[in-house]
Amino acid sequence: MDKFKSIEEILDFAIKNEIRAAEFYEELSDQAKTKSMKETFEKFSKEERGHEARLKKIKQEGKFKASNKDIIDMKMSDYLVKSNPKGKMTYQDALILAMKREKAAYKLYKRLEKSAPTPDLKKIFKKLANEEANHKMNFEIEYDDFIYIDN
């Protein structure tokens with residue numbers, strides 16, 4: 001499927017991405033080399049679970065209504081990250097993958113914010129986008145502090 005055909009598809013896609021993100025951070029937490037990063041990954045996992053719950057609530061309440069014209073050009077491939085964690089990733093690979101995932105999630109929520117028909121929904125998607133951008137920034141700082149200085 002190249003394009004979203006309904007708002008339900010968009011929300012289902014976003015929910016699945018939040019679930020995958022939470023699971024990804026749980027796996028990274030188990031592999032973390034420091035207590036600080038273990039706690040960071042656990043925190044991000046909990047935040048992604050919170051995003052999942054918010055999106056499920058939006059879908060259940062059916063408050064987000066948009067015409068197909070509003071969403072037809074939101075291509076799913078714009079928000080997919082091709083790589084998944086496999087076995088024992090290096091810490092550098094894990095951070096890079098995390099940054100890519102957060103960037104994709106940010107782009108999705110910014111797109112949803114633009115197409116949201118109500119101010120309340122715009123606010124929700126803006127907040128989700130900002131949280132994903134914050135996650136990405138944290139990973140960039142971690143990368144800079146622990147990986148970049150070694151190269």
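Just so it is clear, none of the values below were taken in a lab; they were calculated from the coordinates. Only a predicted model underlies this, so the values are computations on that prediction, with no experimental measurement involved. No Cβ is skipped: glycine too gets one built from the backbone with ideal geometry, and neighbour counts run over all protein chains shown.
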Using a Förster distance of 25 angstrom, determine the FRET efficiency expected from the C-beta separation of residue 43 and residue 146, and round it to 0.05. 0.90
Environment charge at residue 39 (Cβ cut-off 13 Å; Lys +1, Arg +1, Asp -1, Glu -1): 0
Integer Hz, Karplus 6.51/-1.76/1.60 couplings in order for the stretch 125-139, x for Gly and Pro: 5, 5, 5, 4, 4, 5, 5, 5, 5, 5, 4, 4, 4, 4, 5
Between residue 33 and residue 57, 0.36 nm times their residue separation minus their Cα-Cα distance comes to what? 5.1 nm
Taking 32 Å as the cut-off for C-alpha to C-alpha distance, list the pairs among 57/107; 5/136; 35/59 that go past it. 35/59
